[in-house]
Amino acid sequence: DFELRVIHLAPASSAPGGFSSLNPRQFLASLIFQSFYCLLMAVAEPPPLDILVRDPEGFTIWNGPPFSNGEPSVKLNKVPCTSTKFSEDGSKLMVIRSDSVISIYDSKNLVEIRSLQVLNVLAASISPCGTYVQTFQKSTSPQDKNVVVWKTDTGESVYQVFQKNMTKTTWPSIRFSSDEAVACRLATNEAQFFDPEDFSKGITHRLRVPGIAAFELSRTPGSHVAAFVPESKGMPGNVQIFACAKELQNQPVARKSFFRCSSVQLNWNYGSTGLLVVVQSDVDKTNQSYYGESKLNYLTTDGSYEGLVPLRKEGPVHDVQWSSSGKEFAVVYGFMPAMATIFDKKCNPLLELGTGPYNTIRWNPKGKFICLAGFGNLPGDMAFWDYLEKKKLGATKAELSVTSEWSPDGRYFMTATTAPRLQVDNGIKIFHHNGSLFFKRMFDKLFQVDWKPESPDKFGDIAELLKSVDSLKLEETTKQGQGSKTTQASSKTAGSNPSVQKPAAYRPPHAKAAAAVQAELFGVGPSGEMSKNALKNKKKREKQREKKAAEAAGGS
């Protein structure tokens, strides 16, 4: 009934009287229809896939797959630079052009919207939503505040602080949650919190954690922070989870202690309910590994689980990754050949992906496909799985790969061999979700290749998309089959015509020579006809057989 009303009302909205000619009920129905239509158009037209490529001459932007003529077209001509970085949501692109100029681009229109003049810049980082840029400069004294936070919209400095050096655990100096709802900085024996909307307030509150060496904010929502304290003076190391809100930071909501701990990797899930902790030690007391030992721990914010993940094979933890739903995680572990297992958020095994020379796992943004690979010092084997269907789709190789990632729509998997890790065989490979090669290009030297980040929600359901693609392929196959039938029918018609002779099959020279020898020995020509002598001998043999048969009949 609603559809009939909408079809009836659609022309009325464009009448000379406009909306004023409609009664309130008609106006409301028309408004709902137009809003629904705009929503459908937005869903029906997903954003394009863009690829950033950087070489010694600078960076450029390609139009991503599918390619029109099998080759990508250039969306942005080459821009000289030394480094580039997309914001986590893909809205902004930060480009370091030299040691004193940083440009901010609008990723959608690829237009420069801000240029920052920062002298002697050593490093820069962009916030997840592209609101802020941090820069680290050379400092000569503690009075020089060498870490500056810039607002990209206005280009003004909103916060400054001194930082002695830059390490993996201390840079970026100020960390943001994925939704930029929380901003936090690591300091001596504490974590300092800021108001992301107004840095002029300074430090809003502090979280005291004696001996803290690293921390990690949860993704979305930014509701919790994980703090790592290494072992010291015979005391075990530990990881604690605190709420980010000031009034809830009296006690940790979860805590796990462990000995033989040199460093940790903290991996939050989507939804901020679970934390995977890869605990690494430089020394393996069992002497089974030269690279030390590692264990995988799991903690939840509700305290329902705090302990080791039950892995079925001894050896190091090579890689872990959460699914896009935050309800499952995949682990590659054990001595080679390594094992891969998918667990639920209660650490129950859901699916075994087998064993092989693997050390990397990549879950596509839609949570449907998984790539299990062996990169680095391994030969580059890749296995593609459909997690929802619980089946293996295909296998291939991408040797010497340095980086690898799924496209935002989850349909393509890109690997790259880049410098300075490898100075030879630099190039890009793009594979379909089942492992078949889609595109390949080699470079003399390649520094960086990245997909432009996009929210997976902007793309349709990949299962429905693949079904439509398969149906198109089926139609093409059917048409080809009909074409082949037509060709067969025409060939039959041509065969019935006596004037059309069938071409003779090719005979190599040695086959011709063999036929000549056969004719000499057995009296059979190349065409299969017998010579005169062969016919005469055949008649003699037949007469002799008839004579013997007659004698045998008379004797009986």
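The values are calculated or read from the model by the stated rules, or taken from the named source; none is laboratory data. Since the structure is predicted, the reported quantities are computational estimates derived from the model, not experimental observations. Glycine also receives a Cβ, built like all others from the backbone with ideal geometry; neighbour counts cover every protein chain displayed. Keep in mind that these areas ignore ligands, DNA and RNA; they rest on the heavy atoms of the full protein, side chains included. Shrake-Rupley method; radii C 1.70, N 1.55, O 1.52, S 1.80 Å.
Yes or no, residue by residue, for (1) part of a strand (DSSP E or B); (2) at negative phi; (3) open to solvent by 40 Å² or more (accessible area, probe 1.4 Å):
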residue	(1), (2), (3)
PRO72	no, yes, no
THR84	yes, yes, no
GLU88	no, yes, yes
SER115	yes, yes, yes
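This table checks each residue for (1) open to solvent by 40 Å² or more (accessible area, probe 1.4 Å); (2) within 25 Å of the chain's Cα centre (by Cα).
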site	(1), (2)
LYS246	yes, no
PRO252	yes, no
GLN265	yes, yes
ASP282	yes, no
LEU296	no, yes
LEU299	no, no
GLY315	no, no
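Suppose we filter the range 209-235 for residues that are of a type outside the set (Gly, Ala, Ser), assigned to a strand (DSSP E or B) and buried (at least 19 other Cβ atoms within 10 Å of the Cβ); how many remain?
Residues flagged as of a type outside the set (Gly, Ala, Ser), assigned to a strand (DSSP E or B) and buried (at least 19 other Cβ atoms within 10 Å of the Cβ) within the range 209-235 amount to 7.
Looking at (1) touching an Asp or Glu at 6+ places or on another chain (Cβ under 7 Å); (2) open to solvent by 70 Å² or more (accessible area, probe 1.4 Å), can you tell me which one GLU306 breaks?
Every listed condition holds for GLU306 apart from (1).
Search the range 216-233 for residues that are under 14 Å from GLY274 (Cβ atoms) and of a type in the set (Asp, Glu) and pair each with any residue that is modelled with pLDDT of 90 or more and open to solvent by less than 40 Å² (accessible area, probe 1.4 Å) when their beta-carbon atoms are under 6 Å apart and the residues are at least 6 apart or on different chains.
Here the result reads GLU216/ALA226; GLU216/LEU266, each pair linking the range 216-233 to a residue that is modelled with pLDDT of 90 or more and open to solvent by less than 40 Å² (accessible area, probe 1.4 Å).
For the range 404-419, which residues satisfy the criterion of being assigned to a loop (DSSP other than H, G, I, E, B) and crowded, with 19+ Cβ neighbours inside 10 Å?
Residues satisfying the conditions are SER407, PRO408, ASP409, GLY410, ARG411, THR418.
Taking into account only those residues within the range 159-170 that are part of a loop (DSSP other than H, G, I, E, B) and among the polar types (S, T, N, Q), which is most open to solvent (accessible area, probe 1.4 Å)?
ASN165
Can you name the residue in the range 125-158 that is among the small types (Gly, Ala, Ser) and open to solvent by 10 Å² or more (accessible area, probe 1.4 Å) and, of all such residues, is farthest from THR170 (Cα to Cα)?
GLY155
Can you give me the number of residues within the range 127-144 that are aromatic (Phe, Trp, Tyr) and free of Cβ contacts under 8 Å to residues at least 40 places away in the same chain?
Residues meeting the conditions: 1.
Out of LEU422, LEU400, which single residue is outside any strand (DSSP E or B) and out of contact with any Ser or Thr (no Cβ under 9 Å at 6 or more places or on another chain)?
LEU422
For the subset of the range 190-201 comprising residues that are in a loop (DSSP other than H, G, I, E, B) and closer than 16 Å to ALA245 by Cα, which member is least open to solvent (accessible area, probe 1.4 Å)?
PRO196
Which is among the hydrophobic types (A, V, I, L, M, F, W, C) and either in contact with a Cys (Cβ under 9 Å, 6 or more places away or on another chain) or modelled with pLDDT of 90 or more (or both), of VAL317, VAL283?
Only one candidate qualifies: VAL317.
Taking the range 254-263 as the search range and keeping residues that are assigned to a loop (DSSP other than H, G, I, E, B) and within 20 Å of THR169 (Cα to Cα), which one is farthest from the chain's Cα centre (by Cα)?
Checking each candidate, the answer is ARG260.
Any residue in the range 417-433 that is under 13 Å from PHE443 (Cα atoms) and modelled with pLDDT under 95 sitting within a Cβ distance under 8 Å of a residue that is open to solvent by less than 40 Å² (accessible area, probe 1.4 Å) and charged (D, E, K, R)? List the pairs, counting only those 6 or more apart or interchain.
From the range 417-433, no pairs qualify.
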